Each structure stands twice: as structure tokens, then as C-alpha cells.
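The values are calculated or read from the model by the stated rules, or taken from the named source; none is laboratory data. Since the structure is predicted, the reported quantities are computational estimates derived from the model, not experimental observations. Ideal geometry is used to build each Cβ from the backbone, glycine not excepted, and the neighbour counts take in all protein chains shown. Just the protein is used for accessible areas: all its heavy atoms, side chains included, with ligands, DNA and RNA removed. Shrake-Rupley method; radii C 1.70, N 1.55, O 1.52, S 1.80 Å.
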Amino acid sequence: MARPEAQPIASHFIDGAYVDDTAGTPIPVIYPATGKTIATVHAATPEIVDRALASAARAQIEWATTDPATRGRILRRAADLIRDRNRELSELETLDTGKPLQETLVADAASGAEALEYFGGLAVDHTGTQMSFGTDWAYTIRRPLGVCVGIGAWNYPTQIACWKGAPALATGNAMVFKPSEATPLCALKIAEILCEAGLPNGLFNVIQGLGAVGAALTTDPRVAKVSLTGSVPTGRKVAATAAGELKQVTLELGGKSPLILFDDADLDDAVSGAINANFYSSGQVCSNGTRVFVQAGLRDAFLERLTARLDGVITGDPLDENTNFGPMTTEAQTRIVLRYLEMAKNEGARVVTGGHRIDREGWWIAPTVLTDLTDDMQVVREEVFGPVMSVLTFEDEDEVVARANATPFGLSAGLFTRDLARAHRIVRQLQAGTCWINQYNLTPAGLPFGGSKASGIGRENARAAMDHFTEIQSVYVGMGPVEAAY
Ligand code: NAD
């Protein structure tokens, strides 16, 4: 199969055009399925950072007063263009991340388009409130914040750019987006498409770089808000830096989410849920339900059906649509996952299936199911961010709720049961930003998404995201004479 062109026209997209500054540190773009370099971009120099912020600040002034209907129309046009080019964008996502094309064709550009369409539609409907104080009255306006920074993780480069860009732009902000240094390609295409859809120059800029470029953006006084998707340690740094300048932050961070399978659940649905919650994107999904609590009566049947279903895993060239399981996105993450597997084995875990590197070029780890675990093992407590499912057993509701919540994380949770009263009773007790009942990992644009506890601050998607990209201005209107003491 002919490979799509990976090398972008230039490293950055600023003020409506591709620009480069080869003085920046070269960043190789490596196709994870082969470990070979397929493109090179350069990290933003201070001049590039400044150009991006300056163009965003300039463009945002007019955009803030642009009719929201016009703003929305541009975003919806971009959604249409993304859908028209789904295959091309999906292939690029596959080259950037290694995720199988079978997956990216339906998940990534599609999710980005959905966000642009959703926020494009809502742009006209982000309203304030009105209240009375006797004959005086007041109203509130939702004002854009100004220049917002988006910083992305490497697992969903197209989706993250759109989930941050769409609500920011719909509400009248400009954005400077820094993709992960591991997956720099996709966001450039989104910037290009937004311009083609009619977005005025300077409103969505993409610049490349490692953590230092993210930090430079976070500290710049021109920036009003930072929205980060990344790990908890990076989240702490970004929040601390932003606090110095009193910037607003949205943090979408890591997780170690519980998936609870009651013994009255439909077995096939429960197994499908567990597969989707652990092996999609080779397990590199923040909201994955990696602590799978199976009620004792269901355990053996669950493991038997799960291992049989995992026979259906097809590894191979991710650009081949028959492949349904891809490599890890980075070599560093591959090493991290292999280290967790070693630790788990040393601590006495039993490997039901997988547990090893797949012997082919690139960065591959077999889908892995572990049992004979205790809640205090490192592989059960910490985010592994790879295709590693920890299967734990439980007896009753109170026990499983306590164990599910015994984590510093709180991104997501899921449960499978046919008893809907129990389902709702349990979700009210789970400390998690998003819970799925008899489903897992679906994140429609209309549903708020984000973390509790160490998994984050704020919410993406839905009207909640528009609130996070705006601030309330209160306007008091005096209708009578003004009294004064003297
Ligand atoms: P990471 O924290 O290493 O990097 C995330 C981004 O932050 C990168 O673009 C990086 O360059 C940048 N960065 C690093 N240091 C910085 C600093 N000091 N200031 C500003 N920016 C800085 O995360 P990752 O390894 O790219 O992604 C994996 C993590 O992301 C996992 O923990 C995963 O759970 C999390 N994640 C969360 C969500 C969510 O929505 N909650 C979604 C996807 C991934």
C-alpha cells in the first residue's frame, strides 16, 4: 500500500500560513509500527512562540465581536471538510500515532468533526442571564477570555486539537495549540482546514515543541487560559505556573479507572466493554477501565470468554484495514509498559495472556490480561497507559465501591449489570468525572468529559467547555435617581 505523505509543508502554522524556523531543535516523527523516521519538524524558537501569540492576540480582538452565527458557520464548514477528507486525515493519524486505520477511520477525525459541528451549532446560543432588583435590573454577558493555549497529549492528536479549538473559537477566543512532540502532524492539518473553512488568520495557530515550549506558552502574560491534556505530573506543573499569573486552567489528566462487572451482566457485553476499555488504541486512552473488578460468580466465565475473544486480535501494518491492534505510540512508553509487566510478574501476578513484547519491528506489546493481583500492587495502582488489563474479583457492592474509589485518580468508571436500580445507586457513589452504564469509553461532544481528584480540573465538551472558555461579566442597570450620603 502506498504510504501517504507525512512530511508537513513546514513545522508551524501561524497567522494563516505554514512557517518554519530551522534554528529550532529538530523533532523526528517516527512511525511506531516500524520505528522509522517519516518526517522531521522543528521545535518553536522564542521568535516563533512570539509570532504565534502576537498573531492570536491581534486576530482575537475582531473575532470577539464577530457575529456568533458567522463563527459557528465557519466551524461547521470545517467539520464538513474534515468529514470529506476523513481517509486522508485518518491515514495521517495512523502515521502519527500507530493506531490502526480500522480505528482511526471511525474515531479520530470523526470525533474532531463532531466537536466542530457541535460547538459551531451552539455558538449562537451561549447566552447570559437577566435578573431584577426592584426597578433596577442586571444581566450577564459571557465574554471570551482572549488568547488561549491548548497543549496536547500524543494519543489523540486530531481529537485533542478539535476538542480544545472548537469551544475556544466558538466563544470568541484565539488559540495557540502545541501538539505533543511525539505526534506533531495532525493538528497542522486541522489548522489548515479551519483556514480553508474561512477562519480568519491568526485565530488557530499550531506550534511545535517539547515541554519547554509548553512552559513558555503557559508563562506568557498574553495568555489568559491554558487547556492541557497530559499526565498528572505535567498537570501539576502547568497548574502551578498558571497560578503565578492567575491564568485559568483546564486539565485533562491521567486515570486508573475501575470497570465493575456484576454477575448478572450480559457476558458478551461485559467482555466487549472490557476489551474496549483496555485494548482500544493499544490501551493508550486516559479514561481506560484498567482495574476490571469482576464479581466472583462471573470470573471464570469472563476470563474464558475474554481469552477466546482476544484470539481475534490482528496485528500487522496499521495502514492495512484488516489490522485491529496497533503498536505503542512511543518507544519511551513501550519501555514503561514493559517495566510494569516485569514488576507485576515479580509481585506474583499471573499472566493469562500476553505479557510480552511482540517480535516485529516497531514498538509492539501484546494485549495482556493479568490476574492473581492485589489492590496494592503497582500495576493495579498506577496508570500503565498500555494494553494491560488487571482483573480483580469482588463479592458485594459496598466492597467494590470502596475499592474502586481507593485511588488518587477520578477520571472515569464503568459498570455492567442488568439491574438498573443498582447501576444508578453505584454511579452516585463512584468518584469519577464520567461513568458509563453498560457501555465504555463513548465520549459524544454533547457530554461533559473530565476528571475528579487528581485526574483533572474543569470539563471538556458540552456547554461546560464553553463556560470554561468564557467568563461572566455582570452588568447592573440603575433605573432611578441615584442617592448619595452627601
Ligand atoms: P505528558 O504530560 O508527558 O505531555 C503532555 C503535553 O504537555 C505534551 O505536549 C508535552 O510537551 C507538554 N508538556 C510537558 N511538560 C510541560 C510543561 N512543563 N509545561 C507545559 N507543557 C508541558 O503526557 P503524554 O505522555 O503526552 O500523554 C499521556 C498522558 O496524557 C497520560 O497520563 C494520559 O492519561 C493523559 N491523557 C489524558 C486525557 C484526558 O482527557 N484526561 C486524554 C489523553 C491523555
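Summary of computed values
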item	result
Close pairs from the range 448-463: first over 25 Å from residue 117 (Cβ atoms), partner assigned to a helix (DSSP H, G or I) and within 11 Å of the ligand (Cβ to nearest atom), Cβ under 9 Å, at least 6 apart	454/232; 454/235; 454/236; 455/232; 455/235; 457/235; 457/239
Residues being of a type in the set (Ser, Thr, Tyr) and either buried (at least 21 other Cβ atoms within 10 Å of the Cβ) or touching a residue at least 60 places away in the same chain (Cβ under 8 Å) (or both) - total across the range 22-53	3
Subset of the range 85-121 that is hydroxyl-bearing (Ser, Thr, Tyr) and free of Cβ contacts under 8 Å to residues at least 40 places away in the same chain - its residue that is surrounded by the fewest Cβ atoms within 10 Å (Cβ to Cβ)	90
Wholly within the range 109-215, strands (runs of 3 or more DSSP E) carrying at least 1 residues that are at negative phi and within 16 Å of the ligand (Cβ to nearest atom)	147-151, 174-178, 204-206
Hey, residue 237 open to solvent by less than 20 Å² (accessible area, probe 1.4 Å) and of a type in the set (D, E, K, R) or not	no
Out of 381, 360, sole residue that is at pLDDT below 95, under 30 Å from residue 336 (Cα atoms) and open to solvent by 10 Å² or more (accessible area, probe 1.4 Å)	360
Residue list for the range 164-181, restricted to those being surrounded by fewer than 24 Cβ atoms within 10 Å (Cβ to Cβ) and either closer than 14 Å to residue 18 by Cα or under 15 Å from the mean Cα position of the chain (by Cα) (or both)	none
Odd one out for residue 15 among (1) open to solvent by less than 40 Å² (accessible area, probe 1.4 Å); (2) at positive phi	(1)
